[in-house]
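The values are calculated or read from the model by the stated rules, or taken from the named source; none is laboratory data. This structure is a prediction, so every number in the text was calculated from the model and none was measured. Virtual Cβ from ideal backbone geometry, glycine too; neighbours counted across all protein chains shown. The accessibility values were calculated without ligands, DNA or RNA, using every heavy atom of the protein model including side chains. Shrake-Rupley method; radii C 1.70, N 1.55, O 1.52, S 1.80 Å.
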Amino acid sequence: MDGIVLLIITFIIIAVVLITVVLVAIQKHKITKIKNEISALDREKNLIASTPVLSELSKVEPIIKNDKMGEKYRAWQRRFEVIRDDRIAQINDMIIELDMEVNNKNLKGYQQKLAKTEIEIYKARESANELLEEIKEITLSEEKYRSIVIKLKTKYRELSNEFKNHQSDYEDIQEVIDLQFENIEKRFIDFDETMDKNEYDEVVHIVKALDTMIDHMEIVVAEVPNLVLLAEKLIPKRIEEIENISKDMEEKGYPLGYLKIPYNVEESRKNVKNILDRIRVLNLEDCMFELKTMLDYLDSIFNEFEREKGARKEYEEETISFEKRFKKTTKIIKDIYAQLDDIKSMYDLKDDDIVVLDNISRRLRQISEEQKKIKKKLEDREEPYSILVGEISVRNQLLSTLEEDLEISLKSLGSMYDDEVRAREQLEEIQELLKQCKGRIRSYKLPIIMNNYFIELSEANEAIQEIIKELGKKPIVIRTLNTRVDTARDLILKLYNTTNEMIKTAQMAEMAIVYGNKFRSSMAEIQAGLSNAEMLFHKGNYKEALEVSIDTIKLVEPDIYEKLLKYYS
């Protein structure tokens, strides 16, 4: 039991020792880190103190040639003395206080003072750097600005040579540009004089002015010839051409009021004058854009002229076509109305047929009124051809539709007359067929004609009489007439076929009997068969007589039927 207690005490002692060692190590590491931070702050302070302000100030001293520069020099000295003697000393005291807080193990107080020290170091460093930059601006000014001016002089010479080589392109703007080049030369002289006096504050403004003036002259030299060409030659020439063409076209009857040419031309001249005034003072902003916009507008007027010429030609062609078709259509409708009573007396017209004609006539009057309005617009020069051609085109389309409807109506009326003529022609054909049928029956003297043939003949005669009756009516009902013609044609064709078939069958039967007579004495069956066939033939049963005679003859001559067919084919 005592051994266990001893072992526990031993473990506790070891743990306490280990914890103490760890805590001491952590504290030592923290102190080391803090000391490093203080050392870094001290280095920052020393770097600020060692800023090469004094060496730069020593470069300024020889170039002091005026009170203004002397005052600047002394102000820079005072500012550096404040940084070096006051602010660096203050930062040094603050770093010492940080050491004391660490030694007193007052970490909370240390953190507060650390932040203030860092802020003060930052302010001092920025002040020193700003002071150094201001001094360098003077010490490096001569080399920097002379280098810039050398480049500007090179650019200036190139622009001056370009201008002199093409001086005639600048027309009456030459003097203004010459003056501007003289101003730039004066600025170069001002630069040299200012540099000699070491007035570097003024040098900055002179260099900026030179840079701006030369950039502007680069634009002037490049753009003025084109601007002058546009403003003094191309656009005035375009305006003159437009005035001449518009005058000529208006004399030829073109309605150009919608283009407002006098007003727009006058405005264009004013704008060109204003732009030229700006060019003469070398204010080129937006001049090129405005002139090109104006030129595009003037070109668009030429396009309008061409469009109007094309539209006029198309309008005249459309008008000629319209007038010709309108006159023709009007005449047709007048003729129809003039003959309408006669047509009504001749044919059984429907009310719909009359309504269609009335509608067509009304639509034609409406089209005529619209066409008169188009002509009035042209006479009053209210609208250009480019619009009127669209309107006349619509009228032509409406007239085309009307013509189609009229054609359909005429076909309906014309078909009545055609049907009547066709019915009379077919009546003659039917009567001729009937005559042929009767003639054939009479020419081939059949012993007997069956009653069904006379029935067909009677029906055909009645159908012909019905046609004659319909043609004699006033007005004629075309539908009924066509029905009568179709019925008669069918009946007469049936009669014609019956006549031909009966005669052919009788002929073949008679031929077969005559041909078979030479075999009568050879066989009793042939004698009996032919006698039977003769009896049927004389009774008018020609088909049965043919069948019996053929069957009989086949006893001695099997191909008798083929021979008969070949003979009558």
Three-way shape label, region 418-469, alpha-carbon gyration tensor, a/c 1.5: oblate
Roll a 1.4 angstrom probe over the protein heavy atoms and tell me the percent of accessible area of region 360-409 that is carbon or sulfur. 49
What's the local net charge at ILE492, with K and R +1, D and E -1, over the other residues with C-beta under 10 Å away? -3
Centre separation in Å (Cα based) which lies between region 221-251 and region 271-293: 15
Mind giving me the nanometre distance, one decimal, between the label points for HIS538 and GLU81, set 7 Å out from Cα along Cα→Cβ? 18.0
With r defined as the distance between the Cβ atoms of GLU425 and LEU565 and R0 fixed at 41 Å, what FRET efficiency is calculated, to the nearest 0.05? 0.70
Working out 0.36 nm times the residue gap between GLN397 and THR330, then minus their Cα-Cα distance, what length gain in nm do you get to one decimal? 22.5 nm
Report, in debye and to the nearest 20, how large the dipole of region 283-326 comes out about its Cα centre when Lys and Arg carry +1 and Asp and Glu carry -1 on their Cβ. 360
Full-extension gain between ASP299 and ASN36, please, as 0.36 nm times their residue separation minus the C-alpha to C-alpha distance. 86.5 nm
With the 1.4 Å probe rolled over protein heavy atoms, region 159-262 has an accessible area per residue in Å² of 53
Tell me, what is the FRET efficiency for TYR258 and ASP405 to the nearest 0.05, using R0 = 41 angstrom and their Cβ-Cβ distance as r? 0.70
Mind ordering 550-556, 122-128 by average Cβ neighbours within 10 Å, highest first? 550-556, 122-128
In terms of modelled amide H atoms, which long-range or inter-chain residues lie less than 5 Å from the amide H of ASN106? none
Once the Cβ-Cβ distance between PHE454 and ARG362 is put in as r, and R0 is 56 Å, what FRET efficiency do you end up with, to the nearest 0.05? 0.45
Taking θ as phi - 60°, what are the ³J(HN,Hα) couplings along region 210-224 by the Karplus curve (6.51, -1.76, 1.60), each to the nearest whole Hz, with x for Gly and Pro? 4, 4, 5, 5, 6, 4, 5, 5, 4, 5, 4, 4, 6, 9, 4
Cα-Cα longer than 31 Å, checked against LYS237/LYS376; LYS327/LYS377; LYS273/LYS377; LYS164/LYS247; LYS153/LYS292, kept in input order, equals LYS237/LYS376; LYS273/LYS377; LYS164/LYS247; LYS153/LYS292
Simple spin-label model, 7 Å along Cα-to-Cβ: ASP93 to GLU223 in nm? 6.4
Note down the magnitude of the dipole of region 248-312 about its Cα centre, charges +1 on Lys and Arg C-beta and -1 on Asp and Glu C-beta and zero elsewhere, to the nearest 20 debye. 100
